[in-house]
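Take a look at the structure below.
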Amino acid sequence: MNKVFIGTDNIITSLGFSTQENIGNILDNVTGIRLHSDPNLSRNPFFASIVDDMLLAVHFDGILNHFYPGKKPDDFTRLEQLLLLSAYDALSKSPVPADNKATLFILSSTKGNVDLLADTKKQLKNPNKLFLWDTARFLSRSFNNPNKPLVVSNACISGLLAIIYAARLIQHGKYENVIVCGGDIITEFVASGFQSFQSLENGACKPFDAARNGLSLGEGCGTIILTSKEEYASTPKIEFIAGASANDANHISGPSRTAEGLFLAIQSALTESGLTTGQIGYISAHGTATPFNDEMEARALNRTNMQDVPVNSFKGYFGHTLGAAGVIESILTIHSLQSGKLFKTYGFETPGDIEKINVIDEHTSSNINFGMKLASGFGGCNAAAIFAKK
Amino acid sequence: MSIITKYCIIRDNRIVINGELDYQADLTLPFIEFIKGAYRHYKFNYLKFFKMDELCKLAYLGSEMLLKNDNFLDCYPSNEIGVILSNCASSLDIDIKHQKTISDKDNYFPSPAVFVYTLPNIMIGEICIRHKINGENAMFVSERFDPDQLWQYAEMLFSSAKVSAVISGWVDVMYDSYAAFLYIMEKDNLPEQRQSQIINKSYICNSSQHLSELYNRHF
């Protein structure tokens, strides 16, 4: 089995267009979640983290000519613009050749260009854009990649599952490098759905807090490059060492009370890694801040005897970025391993009402060697992955 | 090595199991009538079926066809069975229905009962709930059925000891057109009680090339 190293990355959210910009804002305790009253997104004002239109236009204008001379920004969907910016930033800092047979693109997204459903004119211009495989193809073709790109669309574990998939392909020698891009945008489609579920917080979400009352939607893209080539790894070197998914087999829209699926995914990842729970120094939880999700995660951490491991959620900074969440939050997990900085859980103040876990409530420094990323989603799906500092 | 021990095709208002026609309805019947008719024909009794969207109904029916009168589920622990599905249109069929509930500002009625189905992996969840399957999940989207991708993914799961068997294949619904091609894929060192059921029929496929040929024979 080949080793899997982590290469360069990029994060785009309302907190910035690069990983560094996002981390800078996180360290400054800034949240990008605010009240939006755009009637095209929602009948009623709602709290969400949305990438600024003007900034997106400026950034995209900066790369458009490089990729598509003669084309207009309007020829590309919002998600295409975000994905192209994200992948370009990660690849421009990387020695990994994007246009090589040994390199593969994987897209993770829950809804792709679903905004086109509300825009018949744009939809008719290019009906294929409604399909996720078309978005993936757009991405890989933009970088002249010769391979058929793959798409993972597995609800809120999509991003983490795409990383696990990428790692498995490298471990088994199918590709040398895999570029995982995750992205989802805020649309009326998604906002209205979560509103109908009454699962949105009235403010920035409060993961693991006793007063938490729902999630905050977030828009974002993340790109992470995985590689078998140690010379392509970012430094300090981080390895992907294990990953797994599992299903609750309980309910399509609510997590299992016993945390069965997440428990199984964590167990499977730990078994693969050969580590014991005592060796895990940090956990990046899914932490959506819905009452049931956070309760379920606390259950899983107690069932696996990891209730004392420092754990945080990033959702209070830039919301739940859906198909991008697993990619964006894995990148932050990896940066914590590299820098030894563990970020506080924005929005968390008062513990209570869930089983005891060790929520990080201040930015701290800690020399950790192994970090775990968790994700759970609709359809009863769960995933866990373990990263190691070399 | 891995083998496919059973497969089911649902298209053109026909259900085919291991190459043999098992049920058919008038070709002019719309999908929803066909699938409800098939459900009644087999006397299934699973009330959740009627709440599901079209994609999940199709996946549910396909998994029932594979697993009824079969000892597959008894031969493996629940966390050693994975469900790996793929399709072309993701959940676009129900997405369009959800969009209709919000496009008219004077007739605005988004519903959780519709919205919850606007993710393609919900059908994996429905199969897992119905058959108490806890293993690996993955939902892939590709323009066409990709036997190499699915075969390779299952083999990677087998070789890293994540699961011992998968329910896998293609389940796609879009604008009145639909197709399902589902199969059971297992490691070829079958559990003993599984061997006794499979032995006379032998396996159907043992490579992605075979899988591709099997698909092309029916599609």
TODO: Give the residue that is nearest to the other protein chains (Cβ to nearest Cβ), with candidates limited to residues of the range B:102-123 that are polar (S, T, N, Q) and touching a Gly at 6+ places or on another chain (Cβ under 8 Å).
DONE: B:N121
TODO: Inspect the range A:51-67 for any residue being away from chain B (no Cβ under 14 Å) and crowded, with 22+ Cβ neighbours inside 10 Å and give the result as yes or no.
DONE: yes
TODO: Determine if the range B:120-131 includes at least one residue that is under 27 Å from A:F105 (Cα atoms) and in contact with a Ser or Thr (Cβ under 6 Å, 6 or more places away or on another chain).
DONE: yes
Task: Residue under evaluation B:A165, criteria (1) in contact with a strand residue (DSSP E or B) (Cβ under 6 Å, 6 or more places away or on another chain); (2) within 14 Å of another protein chain (Cβ to nearest Cβ), criterion not met - done: (2)
Open item on the list: Only one of A:K148, A:K125, A:K129 is charged (D, E, K, R), within 30 Å of A:S94 (Cα to Cα) and free of Cβ contacts under 8 Å to residues at least 24 places away in the same chain. Can you tell me which?
Closed with: A:K148
Open item on the list: Please list, ordered by residue number, the strands (runs of 3 or more DSSP E) wholly in the range A:306-390 having 1 or more residues that are among the hydroxyl-bearing types (S, T, Y), more than 20 Å from A:Q20 (Cβ to Cβ) and touching a His at 6+ places or on another chain (Cβ under 7 Å).
Closed with: A:370-377
Task: The listed residue being within 14 Å of another protein chain (Cβ to nearest Cβ) and either out of contact with any Asp or Glu (no Cβ under 6 Å at 6 or more places or on another chain) or assigned to a helix (DSSP H, G or I) (or both), out of B:E126, B:E64 - done: B:E126
Task: Condition check for B:D148: more than 9 Å from every other protein chain (Cβ to nearest Cβ) and in contact with a Ser or Thr (Cβ under 6 Å, 6 or more places away or on another chain) - done: yes
TODO: Identify the single condition in (1) surrounded by fewer than 21 Cβ atoms within 10 Å (Cβ to Cβ); (2) more than 10 Å from every other protein chain (Cβ to nearest Cβ); (3) modelled with pLDDT of 95 or more; (4) assigned to a helix (DSSP H, G or I) that A:L83 does not satisfy, given that it satisfies every other one.
DONE: (1)
- [ ] Need at least 2 residues that are closer than 27 Å to B:S159 by Cα and away from chain B (no Cβ under 14 Å) per element, so show me which strands (runs of 3 or more DSSP E) inside the range A:185-294 make the cut, counting only ones lying wholly within it.
- [x] A:220-227, A:238-247
- [ ] Give me a count of the residues in the range B:41-57 that are in a loop (DSSP other than H, G, I, E, B) and either touching a helix residue (DSSP H, G or I) at 6+ places or on another chain (Cβ under 6 Å) or more than 14 Å from B:I129 (Cα to Cα) (or both).
- [x] 5
Task: the range B:2-53, residues that are on the phi > 0 side of the Ramachandran plot and exposed (fewer than 12 other Cβ atoms within 10 Å of the Cβ) - done: B:G19, B:K43
TODO: Specify which of the listed residues (B:C56, B:C75, B:C88) is surrounded by 18 or more Cβ atoms within 10 Å (Cβ to Cβ), within 14 Å of another protein chain (Cβ to nearest Cβ) and more than 16 Å from B:G125 (Cβ to Cβ).
DONE: B:C88
Open item on the list: Between B:Y183, B:Y178, B:Y117, B:Y215, which is part of a loop (DSSP other than H, G, I, E, B) and within 20 Å of B:L61 (Cα to Cα)?
Closed with: B:Y117
Task: Matching entry among A:F143, A:F131, A:F138 (being within 10 Å of chain B (Cβ to nearest Cβ) and more than 22 Å from A:I241 (Cα to Cα)) - done: A:F131
Task: Subset of the range A:329-375 [of a type in the set (A, V, I, L, M) and touching an Asp or Glu at 6+ places or on another chain (Cβ under 6 Å)] - done: A:I331, A:I354
Task: Number of the condition not met by A:G182 [criteria: (1) away from every other protein chain (no Cβ under 11 Å); (2) surrounded by fewer than 24 Cβ atoms within 10 Å (Cβ to Cβ); (3) in contact (Cβ under 8 Å) with a residue 24 or more places away in the chain; (4) not charged (D, E, K, R)] - done: (2)
TODO: Being crowded, with 20+ Cβ neighbours inside 10 Å and either more than 7 Å from chain A (Cβ to nearest Cβ) or acidic (D, E) (or both) is the filter here, so list the residues in the range B:132-145 that pass it.
DONE: B:E136, B:F145
Open item on the list: Any residue that is in a loop (DSSP other than H, G, I, E, B), more than 15 Å from A:T223 (Cα to Cα) and modelled with pLDDT of 95 or more - is there at least one of those in the range A:11-25?
Closed with: yes
- [ ] Could you list all residues from the range A:132-143 that are under 19 Å from A:A155 (Cα atoms) and touching a residue at least 24 places away in the same chain (Cβ under 8 Å)?
- [x] A:L132, A:T135, A:A136
Task: Test: residue in the range A:22-39 that is under 24 Å from A:L107 (Cα atoms), under 20 Å from the mean Cα position of the chain (by Cα) and surrounded by 14 or more Cβ atoms within 10 Å (Cβ to Cβ) - done: yes
Open item on the list: Checking the conditions here, which among A:F60, A:F67 is among the hydrophobic types (A, V, I, L, M, F, W, C), without any contact (Cβ under 8 Å) to a residue 40 or more places away in the chain and under 27 Å from A:D134 (Cα atoms)?
Closed with: A:F60
TODO: Those residues that are buried (at least 20 other Cβ atoms within 10 Å of the Cβ) and either in contact with a Pro (Cβ under 9 Å, 6 or more places away or on another chain) or basic (K, R) (or both), I need them from the range A:139-154; list them, please.
DONE: A:L139, A:S140, A:S153, A:N154
Open item on the list: Need pairs with beta-carbon distance below 8 Å; first residue closer than 17 Å to B:I94 by Cα and within the range B:173-184, second modelled with pLDDT under 95 and surrounded by fewer than 24 Cβ atoms within 10 Å (Cβ to Cβ); sequence gap 6+ or separate chains.
Closed with: B:A179/B:F219
Open item on the list: I need a count of the residues in the range A:350-388 that are within 20 Å of the chain's Cα centre (by Cα) and either within 14 Å of another protein chain (Cβ to nearest Cβ) or not β-branched (V, I, T) (or both).
Closed with: 19
- [ ] Sort out which residues of the range A:160-179 are of a type in the set (G, A, S) and either more than 13 Å from chain B (Cβ to nearest Cβ) or surrounded by fewer than 22 Cβ atoms within 10 Å (Cβ to Cβ) (or both), and write them in order of number.
- [x] A:G173
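The values are calculated or read from the model by the stated rules, or taken from the named source; none is laboratory data. Please read all numbers here as calculations on a predicted model, not as lab measurements. All Cβ positions, even for glycine, are placed from backbone atoms using ideal geometry, and neighbour counts span all protein chains on display.
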